[in-house]
Amino acid sequence: MTKLETKSGGSSLDKALSLLQEVCTASTPLRFAEIVEKADLPKATVHRILLSLVEKGLIRFDENAQLYHPGYGLLELAHKAWSRIDVRDVAADQIKSLWQETGETIHLAVLDRGDVIYIDKLESQKSLRLFSAVGKKGPGYCTGVGKAMMAFLNESQLEEAIQEQSFIRHTPTTITTADELKEQLIKIRDTKIALDLEEHEEGIQCAASVIFNYLDEPIAALSITAPKFRVDEARFLHFQHLVKDACLKVSTRMGAIASDKH
């Protein structure tokens, strides 16, 4: 909204949102006179709106310094809003995009006490029979999606998750000890890529990555799953880049803060 548009009238909501935006986007806390100048509104109007925003907790007024700051109520609103967002809805377009580009099976999974639960799946456009199904549980220690999420658990959560693992050998390449798992998780934290190299089902490999929420917690994972015979090394590496990029996009939508650690 321009100054002219604001001054010429605009709704009360427009004016309030404009002032809230000014306070929240300013590089330093603002004084009343600075807000009046930026909004180009009558002082009485600005004072009335600011008073209302302060009462709602959306703006905080420091009486000693006479400065206006973003209010803690914004955090509460953000928390309530993000906590109600369904990752399946947010990830839907990325799941479809991965499926269209690769022609392979795409999974979306969450972690439940060390197990993975598949909450969405697009089947391969080619014939492929897999263990997974929406609503079905799988092991965390030998699936790409499981390891992708476990790698970013905090220390206590990780120990609990590891204690839940059976470490049953499903194939010749299945890892069967906590130490082996921990070594893989360290690498996953660096690369943000988790691989299942025929560890859960013989002849099947997958590339997975993690999705973070607004608290930067691992809340889900995406994977591209395909039989080894039809995916060469270069294509499998391409899958890894694709799934990592898709998860970054979904994480951003979920409010995660992009940084070197993600």
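Points to keep in mind about this one:
- Complete set of residues in region 171-195 that are of a type in the set (A, V, I, L, M, F, W, C), surrounded by 13 or more Cβ atoms within 10 Å (Cβ to Cβ) and assigned to a helix (DSSP H, G or I): Ala178, Leu181, Leu185, Ile188
- Enumeration of residues in region 92-119 that are within 28 Å of Ser156 (Cα to Cα) and touching a strand residue (DSSP E or B) at 6+ places or on another chain (Cβ under 9 Å): His107, Leu108, Ala109, Val110, Leu111, Asp112, Gly114, Asp115, Val116, Ile117, Tyr118, Ile119
- Restricting attention to region 25-49, the residues being in a helix (DSSP H, G or I), in contact (Cβ under 8 Å) with a residue 12 or more places away in the chain, more than 16 Å from Leu13 (Cα to Cα) and not basic (Lys, Arg) number 2.
- The residue of region 26-40 that is nearest to Pro70 (Cα to Cα), among those that are within 36 Å of the chain's Cα centre (by Cα) and small (Gly, Ala, Ser), is Ala26.
- Residues of region 144-156 classified as of a type outside the set (Phe, Trp, Tyr), farther than 15 Å from Leu108 by Cβ and crowded, with 17+ Cβ neighbours inside 10 Å, total: 4
- Test: residue in region 203-211 that is modelled with pLDDT under 95 and loosely packed, with under 13 Cβ neighbours inside 10 Å: yes
- Among the residues of region 229-248, those that are closer than 25 Å to Ile117 by Cβ and touching an Asp or Glu at 6+ places or on another chain (Cβ under 9 Å) comprise Phe239, Leu242.
- Among the residues of region 216-258, those that are part of a loop (DSSP other than H, G, I, E, B) and free of Cβ contacts under 8 Å to residues at least 24 places away in the same chain comprise Asp232, Ala258.
- Within region 53-78, the residues that satisfy the criterion of being at pLDDT 90 or above, surrounded by 14 or more Cβ atoms within 10 Å (Cβ to Cβ) and not in a loop (DSSP other than H, G, I, E, B) are Leu53, Val54, Ile59, Arg60, Phe61, Leu67, Tyr68, His69, Pro70.
- Of the set (1) closer than 17 Å to Ala109 by Cα; (2) crowded, with 20+ Cβ neighbours inside 10 Å, all apply to Lys249 but (2).
The values are calculated or read from the model by the stated rules, or taken from the named source; none is laboratory data. Bear in mind the structure is a predicted one, so any value in this text is a computation, not a measurement. In this analysis, Cβ positions are derived from the backbone assuming ideal geometry, glycine residues included, and neighbour counts consider all displayed protein chains.
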